[in-house]
Each structure stands twice: as structure tokens, then as C-alpha cells.
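Right, one structure below, let's go through it.
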Number of protein chains: 2
Amino acid sequence: MSASKSAAKARNEPAPGHVALGRLGDFVGFRLRRVQNQLSRNFAAVTAEEGLKSGLFSSLAIIGANPGLSQNELSHEVGLDKSVTVTMIDEMERNGWAERRRAPEDRRRHALFITEAGQAKLDRLFTLMEETESAVLHQLSEGELALLSELLDRMYDAVVRDEG
Amino acid sequence: MSASKSAAKARNEPAPGHVALGRLGDFVGFRLRRVQNQLSRNFAAVTAEEGLKSGLFSSLAIIGANPGLSQNELSHEVGLDKSVTVTMIDEMERNGWAERRRAPEDRRRHALFITEAGQAKLDRLFTLMEETESAVLHQLSEGELALLSELLDRMYDAVVRDEG
DNA sequence: TATTGTTATACTCTATAACTATA
DNA sequence: TATAGTTATAGAGTATAACAATA
């Protein structure tokens, strides 16, 4: 051990790269956050290369899985304000990935649809996302991954129900 | 069923779970994100009531667990830019929760320490966080919680190692 | 009168770059 | 020359409020 490290230890300073978590380590929210922060940064890097802003990917995926969805429904599902959704759909239409169609049964609503180009884009993004996640998921067995998903779903149901 | 949910139903909003996820549901990153988003909103609501900005809580906890930590080390640990850390420490000092002390062995560095008032604040915050998490954690057995933490740690180690 | 979508706006969070003082 | 911290600033991301069209 070096002299400076000994000095640091004597002062009760943390060794570089070995920062203590203390009670913070008892919280699952903390663990969740740091994993998710790193993952979302990797995701953001990938999606930025593909020329789209964060959040657009999951919105496009939701539209693709729910043709005719309204902007309000999309906003609620992805957890964004409706004004943010407007900007995002604008960008999708500009790129030709999705389109608004005035709903005949309620002309206030815009029914959202993914285009062929949007579906192709989405397929490519899904592949990129799989590659991005694979580094992390290789740490987990298939059973562990399934269990993890189940636990996260149970937690999500609880936390969503909690806020109404 | 809560009153707000009934109101949502009356307004013809989609019931939770009515919107299909499609391939998005195959990604653990998506599940991670939606749980974490909800949790962090609940956390933010609690911490706002306590008069502190998001991110300050975990930074104060890290300082408390690592007396003498430098601002650079803290920045790296919580994943924020050093300029953001400056603003946060400013706020902590303004509230008397932490203090900077010029490090004698390297006068460029500021060694960070939590104050007595800061520790009292932190203890109160930990209690509030436990209450906030409890609604979610009641869904999980003790064994499941331990397993979840272990899986998340393995994922975090992998994703951190991945980026260097 | 209420709701969907739109626009304008402001506020928060974060990143970048230039600067200082120390090494 | 390099590093720790500071400052100023700009860019995302998000939320709020007022508005038009429709119910």
C-alpha cells in the first residue's frame, strides 16, 4: 500500500474507486436508479446515432403496438405531458414514421398510426436495443431474467396503483 | 377502486394494462425504467416537501458515508458533472448540512464533510424513503428482495465495466 | 361545460467551455 | 502541463397555462 493511501485511510477517507454507500445501499430504489441511469445513457447514445431524441423510441413502439391510439392515451402510457407528446408526434410525422388521422367518431381526437417506414425504423431500433442490453443480460440466466421481469412488474403495478 | 380512477374511467381514458406493449415488453430496460420513473416521482414529491432538490439526497448520503470525499469523487459516484456538484454543495452549505474543507495535502481539493444538522436531516430522509419504498416492497418477499438486489448489482457491475 | 390537441412559455436538469489556483 | 474546483452559458426535457375545435 502506498504512503498516500495509508494517509487517506488514517483520515478515514475513501479509497479511490471504493466509495462506501452506507445506508443508501439498503434501498432498492437506489440500485434500480443506478442500473437504469447507465442503461438509459447507453440507449441514448444508440438512439442519438439513429437521429432521434430520447423517449421517441418507446412512443413509436407503443403506437406500433396500438394502432389508432389517441395522443392522450399515448401520453398517459409513456408518462409524459400531452404537450410533450405533440412535439414528439410532430417529429415522427416530419420523419415519416407515424401519422395523425382525425378520428371520425370523435373529431377532437387524433388517431395515431405507424407508417411502413416507421415500422422499418422501429425494427432496426429493436435490434439495436437488443444488442445494447445483451451485455447486461449475459450476467443473468434465463430464469433469473424472467424472475427479474416478474418482480419489476409486480413493483410497477403496486407503485402505479398507489398513485391512482 | 380510487376516486381518481373512476374519474379517469368516466373520461374514457384507457385502463392501465389496456395498452399493448408489443416487443417493448421484451426489454428489461423498459420495465426497469417505468418502475424507476414512478419511484423517483414519489421520491421527488417527498424530497420537495423537505425542501431539497432531486439528487441532493443521495449526494448527502454519499458524503455522510465517505467523510473527506472530494467533489470529483462525489461527481463520479453519483454520475453528475462536476459543475452540477458545485451547485449542489453550495446548497448544502447554505442549509448547513455539509461543509467544504480545503485539503492540506493537496490544496486544490475540497474535502467534504456532513454536519450534525446534515446527519439529522439525512436520518429523517432515510426514514421517509423507507416509507416511500414500503408500498412497493410489500409486494416482494424478503428472499425476492435480496435476489432482486443481487441481480441489479450484477447488472450494474456489467454495465459500468462496459463503459470503462 | 368538459375534453383533445395545440402553442407559448418558463423552469429544472445537465453538459460544455473558459477561467483560477494549485500541483 | 495537468488537475480540482468555479463560473457562465446553452441545450435538453418537462410542466403550466391559455387557447381553438369539438363534444
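Pairs linking a residue in the range B:19-32 that is more than 7 Å from chain A (Cβ to nearest Cβ) to a residue that is open to solvent by less than 30 Å² (accessible area, probe 1.4 Å), with Cβ atoms under 8 Å and 6 or more positions apart or on different chains, do not occur.
Here are the criteria: (1) open to solvent by 40 Å² or more (accessible area, probe 1.4 Å); (2) assigned to a helix (DSSP H, G or I); (3) within 16 Å of DNA strand C (Cβ to nearest atom). Tell me which single one B:SER134 does not satisfy. Every condition holds for B:SER134 apart from (3).
When you look at B:PHE57, is it within 16 Å of DNA strand C (Cβ to nearest atom), of a type in the set (Phe, Trp, Tyr) and open to solvent by 20 Å² or more (accessible area, probe 1.4 Å), yes or no? Spell out how you get there, then give the answer.
On the way: within 16 Å of DNA strand C (Cβ to nearest atom): yes; of a type in the set (Phe, Trp, Tyr): yes; open to solvent by 20 Å² or more (accessible area, probe 1.4 Å): yes.
Here the answer is yes, as B:PHE57 does meet what is asked.
A:SER83 fulfils the conditions (1) at pLDDT 95 or above; (2) surrounded by fewer than 15 Cβ atoms within 10 Å (Cβ to Cβ); (3) within 20 Å of the chain's Cα centre (by Cα); (4) within 12 Å of another protein chain (Cβ to nearest Cβ) except for a single criterion, (4). Filter the range B:25-42 down to residues that are open to solvent by less than 40 Å² (accessible area, probe 1.4 Å) and either away from DNA strand D (no atom under 16 Å from the Cβ) or of a type in the set (Phe, Trp, Tyr) (or both) and give me whichever is modelled with the lowest pLDDT. Within the range B:25-42, the match that is modelled with the lowest pLDDT is B:PHE30. For residues in the range B:86-98 being more than 8 Å from DNA strand C (Cβ to nearest atom) and not hydrophobic (A, V, I, L, M, F, W, C), which is surrounded by the fewest Cβ atoms within 10 Å (Cβ to Cβ)? Once the filter is applied, the top-ranked residue is B:ARG94.
Annotation: of all residues in the range A:99-112 being more than 14 Å from every other protein chain (Cβ to nearest Cβ) and surrounded by 13 or more Cβ atoms within 10 Å (Cβ to Cβ), the one that is farthest from DNA strand D (Cβ to nearest atom) is A:GLU99.
So in the range B:60-76, with the set limited to residues that are small (Gly, Ala, Ser) and outside any helix (DSSP H, G or I), which one is farthest from DNA strand C (Cβ to nearest atom)? In this case the residue turns out to be B:GLY68.
Residues that are assigned to a helix (DSSP H, G or I), in contact (Cβ under 8 Å) with a residue 24 or more places away in the chain and away from DNA strand C (no atom under 16 Å from the Cβ) occur at least once in the range B:105-119. Pairing each residue of the range B:77-101 that is assigned to a loop (DSSP other than H, G, I, E, B) with any residue that is open to solvent by less than 50 Å² (accessible area, probe 1.4 Å) and within 8 Å of DNA strand D (Cβ to nearest atom), provided the two are 6+ apart or on different chains, yields C-beta distances under 8 Å for B:ASP81/B:SER75.
Scan B:ALA65, B:ALA45 and give me the residue that is under 21 Å from A:GLY79 (Cα atoms), facing chain A (nearest Cβ under 10 Å) and either aliphatic (A, V, I, L, M) or away from DNA strand D (no atom under 15 Å from the Cβ) (or both).
Numbers: B:ALA65 fails: under 21 Å from A:GLY79 (Cα atoms).
Going through B:ALA65, B:ALA45 in turn, the sole match is B:ALA45.
Residues of the range B:114-147 that are touching a strand residue (DSSP E or B) at 6+ places or on another chain (Cβ under 6 Å) and among the charged types (D, E, K, R): none at all. With respect to A:SER40, is the statement that it is within 14 Å of chain B (Cβ to nearest Cβ), more than 15 Å from A:LEU122 (Cβ to Cβ) and not in a helix (DSSP H, G or I) true? No: the conditions fail for A:SER40.
The values are calculated or read from the model by the stated rules, or taken from the named source; none is laboratory data. Worth saying up front: this structure is predicted, and the values here are computed from it rather than measured. All Cβ positions, glycine included, derive from the backbone under ideal geometry; neighbour counts span all protein chains shown. We work out accessible area using only protein heavy atoms, side chains counted, and drop any ligands, DNA or RNA first. Shrake-Rupley method; radii C 1.70, N 1.55, O 1.52, S 1.80 Å.
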